[in-house]
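Peer 1: One structure coming up, written as structure tokens, with questions to follow.
No lab work stands behind these numbers, since they all come straight from the coordinates. From a predicted model like this one, the values you see are computed outputs, not experimental measurements. In this analysis, Cβ positions are derived from the backbone assuming ideal geometry, glycine residues included, and neighbour counts consider all displayed protein chains.
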Amino acid sequence: MKEKIVADVMRPLSEYRTISAESNLFQAAQALDLVQKEFEHHPQVHKVLLISDEHGEIVGKISQLDVLRVLEPKSKPIGKSGSLSRFGVSSRYLKPMVEQCKFWEKPLVDICKDAGKLKVRRLIHEPLEGEFVEADASLAEAIHQLALEHHQSLLVTQRGKIVGVLRQSDIFKEVFEMLVTCEL
């Protein structure tokens with residue numbers, strides 16, 4: 001049996017909704033809300049939006065969490081408590097620091113009004129090297145990237161162009177099927 005590669009498991013771009021980098025955060029939130037409602041009725045729907053530039057090329061992705069992060073008035077979190085937990089730093093430890101910084105001095109409604117006008121292009125972080133995987137890469141390589149970098153998905157490239165998305169859940173499904181076959 002031929003061993004599967006990333007291209008065999010990835011989701012093509014056509015399965016995703018896209019939003020223009022020139023859209024504002026309010027429009028992105030509306031689109032993500034619509035995607036969430038679709039997901040509730042059809043779990044195969046993806047809960048992220050792909051961001052396209054003026055040429056229609058995919059330049060990034062945006063999720064519900066990205067929208068919530070924008071609402072952070074200081075724009076940068078003190079630390080990712082999830083990633084810091086492996087060093088013994090808990091959210092309980094971070095809470096007093098967050099309170100001391102008074103992140104939420106303004107009412108949430110005011111923060112939302114201000115953030116809603118931001119252009120999606122300002123929210124795009126240039127994907128790092130570890131956020132891409134080649135379409136012809138092995139699943140073992142993709143698992144390594146997902147686990148090492150703590151990503152929920154990777155952008156799949158072919159000849160330098162984004163052609164799909166490899167989700168953690170799709171890789172897990174493949175691994176589970178292999179485990180069942182091996183009867184560990």
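Peer 1: Show the residues, 5+ positions off or on another chain, whose built amide H is closer than 5 Å to the amide H of Thr157.
Peer 2: Amide H neighbours of Thr157, under 5 Å, 5+ apart: Val133, Glu134, Ala135, Val163.
Peer 1: How far apart, in nm, are two points set 7 Å out from the Cα along the Cα-to-Cβ line at Glu15 and at Tyr93?
Peer 2: 3.8
Peer 1: Could you derive backbone 3J(HN,Hα) for the range 26-36 from the dihedral phi with the Karplus parameters 6.51, -1.76 and 1.60 (θ = phi - 60°), listing whole Hz in sequence and x where the residue is Gly or Pro?
Peer 2: 4, 5, 5, 5, 4, 5, 5, 5, 4, 4, 4
Peer 1: Moving to a separate point now. Once the Cβ-Cβ distance between Val109 and Gln36 is put in as r, and R0 is 30 Å, what FRET efficiency do you end up with, to the nearest 0.05?
Peer 2: Efficiency at R0 = 30 Å is approximately 0.90.
Peer 1: Return the long-range amide H neighbours of Val59 (sequence gap of 5 or more, or a different chain), with a cut-off of under 5 Å between placed amide H atoms.
Peer 2: Distant-sequence amide H within range of Val59: Ile51, Ser52, Asp53.
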